[in-house]
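Take a look at the structure below.
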Amino acid sequence: MRRLAACVLAVAAVLLSLLVAPAAQAKPKAPSAPLQYVALGDSYSAASGVLPPDPLAPPQCLRSILNYPNVIAAQLGAQLTDVTCGGADTGDFAASQYDGVAPQLDALSRKTQLVTMTIGGNDSGVFINSIVSCGIAGLSTLGQGNPCQQKYGTSFEDTVRTTTYPALVQALTDVRKRAPKAEVVILGYPWILPASKGCFDKMPVAEGDVPYLRSLQATLNEVIEKAAAETGVTFVDLSEASEGHDACQGIGVRWVEPVLQGTNPVIVHPNALGEAEMAAQTLAVLNR
């Protein structure tokens with residue numbers, strides 16, 4: 001009996017060692033590599049005018065270290081390659097925007113896992129031309145009437161639909177080809193003006209032209225969303241989130257700085273709060 005018990009105990013010990021050994025010999029997992037993240041886009045991506053500037057960026061790009069790509073990268077623990085540049089349009093994805101500044105698409109590769117951008121607002125000069133033109137028109141009537149709409153009619157929106165839209169589709173298609181494994185995200189633009197009235201002391205746009213410019217921006221965002229859907233890209237709609245945070249609002253509320261009485265040297269662009277909120281909205285979409 002003693003011999004039998006001893007044999008049983010020996011067999012049990014062997015079986016136990018076989019069960020325990022793999023766990024004891026298991027090697028600790030190596031830390032996972034950080035997410036490979038590339039940020040493309042224009043001044044709304046670069047946070048032009050927001051201090052402090054990015055010391056690694058080309059000076060003419062006016063890129064800030066507080067732009068929404070940096071906020072997203074910090075939240076995700078991602079390895080960020082930031083090639084955002086103020087003034088960029090869709091053509092600067094495939095061609096050099098400035099001497100010594102590589103085409104933005106060059107930052108992408110098959111290893112890229114996440115791409116974000118805002119782009120399209122500078123195409124054909126629509127964004128800046130409409131703001132400047134309507135500002136001049138508004139000053140000429142001291143904020144009365146709708147002189148900009150009377151002069152330009154549907155020309156701005158027509159350009160967005162017929163020129164900006166196909167350019168966006170091509171740009172997003174090129175991004176997906178360069179980074180086929182990446183999740184590609186494009187943001188809409190946060191509201192610059194309220195739905196009506198405006199603020200002639202901060203934004204020199206005639207009262208009747210406020211809904212005119214608002215409609216133009218809505219059309220631009222609609223075109224961006226449509227191009228994203230056509231190319232299988234994720235769209236971040238900022239329309240609802242940025243409502244009530246336009247350039248007419250006070251400091252600490254507005255996401256976009258006005259022409260006058262603003263805090264950023266680059267006017268009609270997101271401030272640090274706006275960039276942080278754009279990052280938050282993007283992260284919310286990525287986490288769905």
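Pick from A102, A57, A30, A78: which is more than 13 Å from the chain's Cα centre (by Cα), at pLDDT below 95 and hydrophobic (A, V, I, L, M, F, W, C)?
Working: A102 fails: at pLDDT below 95; A57 fails: at pLDDT below 95; A78 fails: at pLDDT below 95.
When all the criteria are applied, what remains is A30.
Against the condition modelled with pLDDT under 95 and not in a strand (DSSP E or B), how does L51 come out, does it pass? Walk me through it before giving the result.
On the way: modelled with pLDDT under 95: no; not in a strand (DSSP E or B): yes.
Here the answer is no, as L51 does not meet what is asked.
Check L216, L187 and return the single one that is within 26 Å of L105 (Cβ to Cβ) and touching a residue at least 12 places away in the same chain (Cβ under 8 Å).
The match here is L187.
For every residue, the table says whether it meets (1) among the acidic types (D, E); (2) part of a helix (DSSP H, G or I); (3) open to solvent by 60 Å² or more (accessible area, probe 1.4 Å).
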| residue | (1), (2), (3) |
| --- | --- |
| G125 | no, yes, no |
| N129 | no, yes, yes |
| V132 | no, yes, yes |
| A137 | no, yes, no |
| Q144 | no, no, yes |
| Q149 | no, yes, yes |
| D158 | yes, yes, yes |
| T163 | no, yes, yes |
| A167 | no, yes, no |
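So which residues in the stretch 172-210 are crowded, with 22+ Cβ neighbours inside 10 Å and in contact with a Pro (Cβ under 8 Å, 6 or more places away or on another chain), if there are any at all?
Of everything in the stretch 172-210, those that are crowded, with 22+ Cβ neighbours inside 10 Å and in contact with a Pro (Cβ under 8 Å, 6 or more places away or on another chain) turn out to be P190, M203, A206, D209, V210.
Can you find a residue in the stretch 106-113 that is surrounded by 20 or more Cβ atoms within 10 Å (Cβ to Cβ), farther than 16 Å from A228 by Cα and at pLDDT 95 or above?
Keep residues of the stretch 106-113 that are surrounded by 20 or more Cβ atoms within 10 Å (Cβ to Cβ), which gives 108, 112.
Within this subset, residues satisfying the condition of being farther than 16 Å from A228 by Cα are 108, 112.
Now narrow it down to the ones that are at pLDDT 95 or above: 108, 112.
Yes, the stretch 106-113 contains at least one residue that is surrounded by 20 or more Cβ atoms within 10 Å (Cβ to Cβ), farther than 16 Å from A228 by Cα and at pLDDT 95 or above.
Which pairs turn up if I take residues in the stretch 156-172 that are within 20 Å of R214 (Cβ to Cβ) and look for partners that are open to solvent by 30 Å² or more (accessible area, probe 1.4 Å) with beta carbon separation below 6 Å, at least 6 apart in sequence or on another chain?
Once the first residue is within 20 Å of R214 (Cβ to Cβ) and sits in the stretch 156-172, its partners that are open to solvent by 30 Å² or more (accessible area, probe 1.4 Å) give T159/S124.
What's the total number of residues in the stretch 76-89 that are closer than 17 Å to Y44 by Cβ, open to solvent by 20 Å² or more (accessible area, probe 1.4 Å) and part of a loop (DSSP other than H, G, I, E, B)?
So the count comes out to 3.
If a residue must be at positive phi and open to solvent by 70 Å² or more (accessible area, probe 1.4 Å), how many such residues does the stretch 44-65 contain?
Final tally of qualifying residues: 1.
Which of the residues belonging to the stretch 66-75 are outside any loop (DSSP other than H, G, I, E, B) and farther than 26 Å from Y165 by Cβ? Walk me through how you get there before you give the answer.
Step one: filter the stretch 66-75 for residues outside any loop (DSSP other than H, G, I, E, B), giving 68-75.
Within the stretch 66-75, N70, V71, I72, A73, A74, Q75 meet the criteria.
With respect to T282, determine if the residue is β-branched (V, I, T) and farther than 20 Å from S43 by Cβ.
On the way: β-branched (V, I, T): yes; farther than 20 Å from S43 by Cβ: no.
When the stated conditions are applied, T282 does not pass them.
I want to confirm something. Restricting to the stretch 222-273 and keeping residues that are among the acidic types (D, E), in contact (Cβ under 8 Å) with a residue 40 or more places away in the chain and over 22 Å from T163 (Cβ atoms), which single residue is surrounded by the fewest Cβ atoms within 10 Å (Cβ to Cβ)?
Step by step, filter the stretch 222-273, then rank; the result is E243.
Between residues in the stretch 88-112 that are under 18 Å from V185 (Cα atoms) and residues that are among the aromatic types (F, W, Y) and not in a helix (DSSP H, G or I), which pairs lie under 8 Å by C-beta distance while being six or more apart or on different chains?
T112/Y37
Suppose we keep only residues that are in a helix (DSSP H, G or I) and charged (D, E, K, R) within the stretch 201-225. Which one would you say is farthest from G262 (Cα to Cα)?
As a first pass, look at the stretch 201-225 and keep what is in a helix (DSSP H, G or I): 207-225.
If we keep only those that are charged (D, E, K, R) as well, we get 207, 209, 214, 222, 225.
On the way: E207: 20, D209: 21, R214: 20, E222: 28, E225: 30 Å.
The qualifying residue farthest from G262 (Cα to Cα) is E225.
The values are calculated or read from the model by the stated rules, or taken from the named source; none is laboratory data. Computed from a predicted structure; not experimentally measured. Quick reminder, even Gly has a Cβ in these numbers, built from the backbone with ideal geometry, and neighbours come from all protein chains shown. Calculation scope for accessible area: heavy atoms of the full protein, side chains included, ligands and nucleic acids excluded. Shrake-Rupley method; radii C 1.70, N 1.55, O 1.52, S 1.80 Å.
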